[in-house]
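Asks: Below you'll find the structure I mean.
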Amino acid sequence: MGKKKFVLRLDEKHYDALEKWAADEFRSVNGQIEWLLYEALKNAKRTKADLSQIENEDGQDD
């Protein structure tokens, strides 16, 4: 699976906060954003595995 490239515009204060957080976690800013998005998707049950599980549960006969 490849990675999509796109431009992301952030407020300078938000970028600075992300940069500090990323450094604290030994990540790049890009890596930190990827991790944050992954965690948000996982918590919202929006990852491919979560969606497949939900679809399977909806299709089960009881």
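Asks: Could you give the nm distance between label points at D24 and R9, where each point is 7 Å from its Cα heading toward the beta carbon?
Replies: For D24 paired with R9, the spin-label model returns 2.8 nm.
Asks: Modelling each spin label as a point 7 Å along the Cα-to-Cβ direction, I'd like the D16/A44 distance in nm, to one decimal.
Replies: Between D16 and A44, the label points sit 2.8 nm apart.
Values in this text are rule-based calculations from the coordinates and carry no lab data. All values reported here derive from a predicted model rather than from experimental measurement. Cβ: placed from backbone, ideal geometry, glycine included. Neighbour counts: every protein chain shown.
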